[in-house]
Amino acid sequence: MHDLAKKQLFEIFGFDEFRPGQAEIVKAALNGENLLAIMPTGGGKSLCYQLPALMGEGLTLVISPLIALMRDQVAQLRGVGVAAASLNSGNSIQANHLIRHAAVNGELKLLYLSPERLSRPDAMDFLHKANITTIAVDEAHCVSRWGHDFRPEYQQIGRVCQELGGVQIMGFTATADALTRKDIEQKLFPAPPKVFLHGFDRPNIRLAMSPRNNAKNQLMSFLENHRGQSGIIYCQSRKKVDETASFLTRNAYQAYPYHAGLEAEIRANNQDVFLREEGMIIVATIAFGMGIDKPDVRFVFHMDLPKNIESYYQEIGRAGRDDLPADTLTLYGYNEIRQYRQWIDEGDASDEQKRIEHQKLNSLAAMCEASVCRRQTLLAYFGDQCEPCGNCDLCAGEVETRDGTREAQMALSNILRTNEMFGMEHLVAVLRGSENQKVQKFNHQNVSTFGIGKEISANQWKSTYRQLLAAGLVAIDADRFNRWFVTDAGWQVLKSLQKVTLRKEVAISGSKSSRQSADGLLTGDHNQTVLAALKAYRLELAREKKQPAFVIFSDKSLIDMATRLPGTREEMNDIHGVGDKKLKLYGDDFLAIIRHALDQ
């Protein structure tokens, strides 16, 4: 079975090997097991249900959240000769009728459907008529209230699976902590599924964060290293999206706004331009992005801090899905963190939900102020780990640090003196010698740490506590009112067995090594003239076919062509991403482009 899967992988998709984790998921899928796969963004989740669908019997129903994503995946599958279609409101009535007819008659291998369409009165009648053997749920975290992208429509998927009876269920997501994973298992599956947890690291993405001082200047400095590249800029408000897009347009960038306040036609057009053309920038609220699978996004810039660490991970994960270098920079300020806390407190969520949301925000704030490898802090949140990455601003030495051992010992001792029962605001009040009502209520004006840090500002103490959290010296107990407590690693600091490095507060205008990351596309052994010619021809084809350029060939495929310079169809067949179907469709034309470029 494994040899047959690898044969299909090469002949249909043009890949020599599975990506890490894909082979065992495909094997379980082919064995008919119910499974939940948590894989890094860009880790190749879609292939894990597409390949088994082609090799198995019956129809695989794919539940996907966005029409744009369904459309692009169907275009890619048809491009390699796979019978796939999507039922959606963007199709004509006649087109949807023909798709339903094809599904019922066994003419399709994959059918894409939105969760909203499942709730239509005629949905179950149609699904019962089609020979559905497997249901694959993309972005499965949307089923959980603990996830960052909860969508009520996803709640009914489990019921649909039960009504169809006996179908295989597979869930896929990139962003699910332990609590969310458990909730997905309960909501989607009749019994505990086989769980695949394949890490969260995206080592090709450069991570950087900076205090916001002059956001537009910081943005322009960052973009200087990314001219002619596709990227996403996130803003929290619609007004800021419009202002930023206009600002970039005035400065000769091709930038398009995207938010829920735009007319649907304009929004869809802007998204299509971004997906199909090269070198475009989309300026968007969080309304944009889930399920966007454009592989050649070279950067993600956050004008504002996301609301939690999962949103941050999901949004930066839209860059570099072709495994080539990508760059990120996130701006943050203390006022927005305070505003997010207020929104959580004033919301309608339960106390338990509010505690969890505060914990998620605390984790992101701690990452902003980390003094050691930023990737280590990010992965630790998801229960993953890595060595210092060498591909973040902290590893590159772009953030100044200082010896903060004495300050850390004061902060840790203060947690112990107050019996590890309080949160950061109260801890800071004690250190600063504040005789407020809560301090007096618990007689904390009498503990030995009361007032010992009054010469240090409240904001600096909060920064210190967040850095201790990021370093794993303290932890937060979400089940006991977000109390802070000292970890085993923290005790090593208290005993003077371990020193602590804290960051200095400096504002960084941009990523010093982002030029290196961006130029990673244009270095190495490949012929730049050939690559430029291949990209130009690919864009011409894409416009003619009204498809995204990556549906024809990814940047990675073109770079492989420009490196290996194939001269025959046999040599072209060995290029990354060139399967039998694409060789027949495009092989001769791209070989001619290579020959012509070399002659020039």
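Rule-based calculations on the coordinates, nothing more; no lab input. Note that the structure is predicted; figures quoted are calculated from it, not measured. Glycine also receives a Cβ, built like all others from the backbone with ideal geometry; neighbour counts cover every protein chain displayed.
Using the charge dipole of region 524-599 (Lys, Arg: +1 at Cβ; Asp, Glu: -1 at Cβ; taken about the Cα centre), state which of Y537, N527, T563 has its Cα farthest towards the positive end.
Value computed over the given set: Y537.
Got a sec? Charge dipole of the chain, +1 on Cβ for Lys and Arg, -1 for Asp and Glu; which of C389, W343, L583 is way out at the positive end?
W343
Students often get this wrong, so check it: of K216/K545; K240/K438; K27/K109; K45/K546, which have C-alpha atoms separated by over 29 Å?
K216/K545; K240/K438
Could you tell me what percent of the DSSP beta bridges with both partners in the chain are antiparallel, to the nearest 5?
Within the chain, antiparallel bridges account for around 15 percent of the total.
With each run of n ≥ 4 DSSP H residues scored as -39500 (n - 2.57), what mean residue ellipticity at 222 nm is computed for the chain after dividing by its residue count and rounding to the nearest 500 deg cm²/dmol? Intermediate values should be presented prior to the final figure.
Details: 27 runs with 271 residues, N = 600.
-13500 deg cm²/dmol, from helical runs alone.
Compute, for the chain, the length of the dipole vector about the Cα centre, with Cβ point charges of +1 (Lys, Arg) and -1 (Asp, Glu) only. Units Debye, rounded to 20.
Value, rounded to 20: 1000 debye.
Rounded to the nearest 20 Debye, what is the dipole magnitude of region 2-197 about its Cα centre when Lys and Arg each give +1 and Asp and Glu each give -1 at the C-beta?
About 140 debye.
Restricted to Cα positions, what overall size does the chain have along the principal axes? Three whole-Å values, descending.
So the three principal-axis extents are 80, 61, 47 Å.
Over 30 Å between C-alpha atoms is what I'm after, so list which of K294/K581; K6/K182; K307/K499 land there. Please report the intermediate quantities before stating the final value.
Working: K294/K581 21 Å; K6/K182 32 Å; K307/K499 32 Å.
Listed pairs above 30 Å: K6/K182; K307/K499.
What does the charge add up to near L36, with Lys and Arg as +1, Asp and Glu as -1, over the other residues with Cβ less than 15 Å from its Cβ?
Neighbourhood net charge equals -2.
Stretched out fully, how many nm does the piece from Q254 to E455 gain, at 0.36 nm a residue minus the Cα gap?
Details: separation 201, 0.36 × 201 = 72.36 nm, distance 4.93 nm.
Once the chain is fully extended between Q254 and E455, it gains 67.4 nm.
Along Cα→Cβ, 7 Å out, is where each label goes; now give me the distance between the ones at A489 and E435 in nm to one decimal.
Those two pseudo-labels are separated by 3.9 nm.
Among 127-133, 320-326, 162-168, 297-303, how do they line up by average Cβ neighbours within 10 Å per residue, starting with the highest? List each step's numbers first, then the result.
Details: 127-133: 16.6, 320-326: 22.9, 162-168: 13.9, 297-303: 24.9.
Per-residue mean Cβ counts within 10 Å order the peptides as 297-303, 320-326, 127-133, 162-168.
If amide hydrogens are placed 1.01 Å from N in the peptide plane, which non-local residues have theirs closer than 5 Å to the one on V137?
I63, M170, G171, F172
In region 401-503, with Lys and Arg counted as +1 and Asp and Glu as -1 at Cβ, which of these residues, M421, V493, G433, has the Cα nearest the positive end of the dipole, that is, farthest along it?
So the residue furthest toward the plus end is G433.
Mind ranking 410-417, 241-248 by how tightly packed they are, going by the mean number of other C-beta atoms within 10 angstrom, highest first?
410-417, 241-248
Could you calculate the contour length gain from N446 to M124, that is, 0.36 nm times the residue separation minus the distance between their Cα atoms, to one decimal place in nm?
Separation in residues times 0.36 nm, less the Cα-Cα distance, equals 109.2 nm.
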